[in-house]
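The values are calculated or read from the model by the stated rules, or taken from the named source; none is laboratory data. Bear in mind that the values here come from a model prediction, so they are computed numbers and not experimental data. Backbone-built Cβ (ideal geometry, glycine too); neighbour counts: all protein chains shown.
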């Protein structure tokens, strides 16, 4: 099962907004449909967004042909559909660089982006499992993860959850706590769904419980993904990550980030330089269409936060392990 793919001239995705109650596949034939799917999180996750960006340029080239102005506008809209994850803009840029060669060349580049992400997932799973085994002295470590980093966030396999699955296959996993990830519950809805399909024992915990569960000795390491890794080693990831990093530091347990090289952005010096997406008040003040706060209440809804490099034990990519705790930087 692929989260996103190119099939017979269109982009096909799993609609992540309806999981886990339904499994719905969408066929996106226009740039407008793809941009809407990205913005409403029907497709999400840094690696998957990179592929979506590249496929968006392929759709633009296919739909608008020789109308260079229309193609340029479509490419711009895809690149800016969400601002924080670096993969989206990078996927767009790679495919757009071949526009002068024609639609077939653009599609070939987009398919290469997809295939590279598939290969990256396999490499990260093996490298990350080796690292967790190294930094966790116990035979079957218990891990806490945040947001969703499985195949749904990539094409197949995933980042941090791919490592979790590999540890499970090796018989080296003691269980998983999935932080629910408010306000849209990607952990409770998506990660729990994927863990169940993989046959991996798990529990769901509210976001705020994570640091206390670490302090109580119920977590041996935190493992999660990233939407951008900055040049100084700061990690931009789903909001709530920073709190888990603080909890891990206090408990003295490893904090491991797993992300492909396509997420490493040495051109961005540090986390404070990143445009953090604010998704507006509705997601915080209501749930399932029902209001959960008094009328007129305001809300802060940053979709991401920044974890300083000095709280990160290691960053695992498909090519290397960056040991931040030993002074390594991307």
Residue check: is residue 205 touching a strand residue (DSSP E or B) at 6+ places or on another chain (Cβ under 7 Å), in the same structural domain as residue 134 (by TED's automatic domain parsing), buried (at least 23 other Cβ atoms within 10 Å of the Cβ) and over 20 Å from residue 124 (Cα atoms)? no
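Anything in region 63-83 that is in contact (Cβ under 8 Å) with a residue 40 or more places away in the chain and surrounded by fewer than 19 Cβ atoms within 10 Å (Cβ to Cβ)? List them, or say none. If you could, list the steps in order and put the result at the bottom.
Step one: list which residues in region 63-83 are in contact (Cβ under 8 Å) with a residue 40 or more places away in the chain, which gives 74, 77-78, 81-83.
If the condition is that a residue be in contact (Cβ under 8 Å) with a residue 40 or more places away in the chain and surrounded by fewer than 19 Cβ atoms within 10 Å (Cβ to Cβ), then 77, 83 are the ones that fit.
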In the set 152, 161, 173, which member is more than 30 Å from residue 300 (Cα to Cα) and touching a strand residue (DSSP E or B) at 6+ places or on another chain (Cβ under 9 Å)? 173
State whether the residues of region 143-163 include one that is within 14 Å of the chain's Cα centre (by Cα), surrounded by fewer than 24 Cβ atoms within 10 Å (Cβ to Cβ) and touching a residue at least 60 places away in the same chain (Cβ under 8 Å). yes
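Between 48, 60, which is closer than 15 Å to residue 6 by Cβ, touching a residue at least 60 places away in the same chain (Cβ under 8 Å) and surrounded by 24 or more Cβ atoms within 10 Å (Cβ to Cβ)? Give the steps one after another, and end with the answer.
Details: 60 fails: touching a residue at least 60 places away in the same chain (Cβ under 8 Å).
From the options 48, 60, the qualifying one is 48.
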In the list 107, 34, which residue meets the criterion of being touching a strand residue (DSSP E or B) at 6+ places or on another chain (Cβ under 8 Å) and either over 28 Å from residue 190 (Cβ atoms) or in the same structural domain as residue 283 (by TED's automatic domain parsing) (or both)? 107
Test: residue in region 277-299 that is in contact (Cβ under 8 Å) with a residue 60 or more places away in the chain and surrounded by 19 or more Cβ atoms within 10 Å (Cβ to Cβ): no
For region 176-199 the number of residues that are on the phi > 0 side of the Ramachandran plot and in contact with a strand residue (DSSP E or B) (Cβ under 7 Å, 6 or more places away or on another chain) is 1
Filter region 132-142 for residues that are out of contact with any helix residue (DSSP H, G or I) (no Cβ under 8 Å at 6 or more places or on another chain) and crowded, with 19+ Cβ neighbours inside 10 Å; which is nearest to residue 205 (Cα to Cα)? 142
